[in-house]
Amino acid sequence: MKQIRIATRGSQLALAQANMTMKKLSEIAPDIPISIVKISTKGDRDKSDFLYKSTSVGFFTSEVERALLEGEGDVAVHSLKDLPTAITKGLVVSAIPAREQVCDAIVAAKDISSIQDLPKNAVVGTSSLRRITQLKQMRPDLDCQPLRGNIETRIKKVREGQVDAIVIAQAGLNRLSLSDEISLILPPEEFIPAPGQGALGIQTRADNPELCTIVAKLDDATARLTTETERHILAELHGGCSIPLGVYSHIEDGIIYIHAILCNLTVTKRVKKTVSCPVENALETAEKLTQEILEQGGREILEEIRCQKEE
């Protein structure tokens, strides 16, 4: 193999993740030159509104995948939560490396020890419908405003007083060495993260088995099982960033615990479930959990969201 080109978005976080991957691949294949190819995506160019209003699938990933398929790169590094559950034909997710922290975190203008410490009617920046609905459950008075741009830009808006706080993935802050900016970490069993949050998905072309084998050495069995369990529920509910769904799973002593929440847009209805089972039954249990969510109000919530999007 002459070289390995890693295709990635051009944001600081995406580049940090690509560089982490490059370092690990260099340890596995020290004799192969590895470089990074930056790809501009629609998600990076369009920062105008809430993500859930977009009709696009793969808002941050499709153009990176295209670059891989067209031979502009050999490996693609994605935040797994951005990657659609339907795998693009011709590509495989050869590795899901060990997961970073899965929690959401708050960066606030003032010291806080809980969400209740935010000022009354505080302006909170986030473009995630999942985060908005869970925040509104805890604090109906909060004014959630769309906030896009890279992590540094979002933090700057807090420091400049444009918003009182932002909600952001702890993993991104950790990967950019910005953990000191965190005001509050939200426990994932209570404030449930996005499916696959904190994990990377590393893609290769299916017709390059040699590279697939090299990249597969980065795979982490626990990260793959937990994220595939979470993304299975997402896929069964036909969701993406357009539905307020949180799913989080973790493994303790051979038992996988799966937490899920689905809310409607007005936060008047919600289904929140926790189940557990031996790890070998993870996907089967995720299937049952999905059906319980649908039967206990989830079907009506999804239909309500669909109708509201069509208005």
Task: Qualifying residue in segment 99-122 (condition: of a type in the set (V, I, T), within 14 Å of the chain's Cα centre (by Cα) and modelled with pLDDT under 95) - done: no
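So, in segment 64-82, how many residues would count as being of a type in the set (D, E) and surrounded by fewer than 19 Cβ atoms within 10 Å (Cβ to Cβ)?
Within segment 64-82, the first condition is being of a type in the set (D, E), and the residues that meet it are 65, 70, 72, 74, 82.
With surrounded by fewer than 19 Cβ atoms within 10 Å (Cβ to Cβ) added as a condition, the list becomes 70, 72.
Within segment 64-82, residues that are of a type in the set (D, E) and surrounded by fewer than 19 Cβ atoms within 10 Å (Cβ to Cβ) number 2.
Take T285 and decide whether it is of a type in the set (S, T, Y) and either surrounded by fewer than 22 Cβ atoms within 10 Å (Cβ to Cβ) or more than 30 Å from M22 (Cα to Cα) (or both). Outline the logic, then answer.
On the way: of a type in the set (S, T, Y): yes; either surrounded by fewer than 22 Cβ atoms within 10 Å (Cβ to Cβ) or more than 30 Å from M22 (Cα to Cα) (or both): yes.
So T285 passes the test.
Just to verify a result, which residue in segment 92-117, among those that are aliphatic (A, V, I, L, M) and not in a loop (DSSP other than H, G, I, E, B), is farthest from S183 (Cα to Cα)? Talk me through it step by step, then tell me what you get.
If we filter segment 92-117 for residues that are aliphatic (A, V, I, L, M), which is where we start, we get 92-93, 95-96, 98, 102, 105-109, 112, 115.
Cutting the leftovers down to not in a loop (DSSP other than H, G, I, E, B) gives us 92-93, 95, 105-108, 115.
Working: V92: 38, V93: 34, A95: 32, A105: 7, I106: 6, V107: 5, A108: 6, I115: 10 Å.
Among those that are aliphatic (A, V, I, L, M) and not in a loop (DSSP other than H, G, I, E, B), it is V92.
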TODO: Give segment 213-223 a look and list any residue that's more than 17 Å from A18 (Cβ to Cβ) and crowded, with 19+ Cβ neighbours inside 10 Å, or say none.
DONE: A223
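Could you pull out the residue among I251, I233, I243, I255 that is closer than 30 Å to I28 by Cα and either β-branched (V, I, T) or within 20 Å of the chain's Cα centre (by Cα) (or both)? Give the derivation first.
Numbers: I233 fails: closer than 30 Å to I28 by Cα; I243 fails: closer than 30 Å to I28 by Cα; I255 fails: closer than 30 Å to I28 by Cα.
Matching residue, one of I251, I233, I243, I255: I251.
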Open item on the list: Need the failing condition index for V267 against (1) assigned by TED's automatic domain parsing to the domain that holds I32; (2) touching a Pro at 6+ places or on another chain (Cβ under 9 Å); (3) of a type outside the set (S, T, N, Q), just the number.
Closed with: (1)
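Look at E303 and say whether it is touching a residue at least 60 places away in the same chain (Cβ under 8 Å), assigned to a helix (DSSP H, G or I), more than 19 Å from the chain's Cα centre (by Cα) and loosely packed, with under 15 Cβ neighbours inside 10 Å. Lay out the reasoning, then the answer.
Working: touching a residue at least 60 places away in the same chain (Cβ under 8 Å): no; assigned to a helix (DSSP H, G or I): yes; more than 19 Å from the chain's Cα centre (by Cα): yes; loosely packed, with under 15 Cβ neighbours inside 10 Å: yes.
It is false that E303 is touching a residue at least 60 places away in the same chain (Cβ under 8 Å), assigned to a helix (DSSP H, G or I), more than 19 Å from the chain's Cα centre (by Cα) and loosely packed, with under 15 Cβ neighbours inside 10 Å.
Would you check which residues across segment 135-154 are farther than 19 Å from P244 by Cβ and crowded, with 19+ Cβ neighbours inside 10 Å and list them? Walk me through it before giving the result.
In the first step, residues of segment 135-154 are kept if they are farther than 19 Å from P244 by Cβ; the result is 149-154.
Within segment 135-154, I151, R154 qualify.
The values are calculated or read from the model by the stated rules, or taken from the named source; none is laboratory data. On a predicted model such as this, the values are computed, not experimentally measured, just so you know. Cβ: placed from backbone, ideal geometry, glycine included. Neighbour counts: every protein chain shown.
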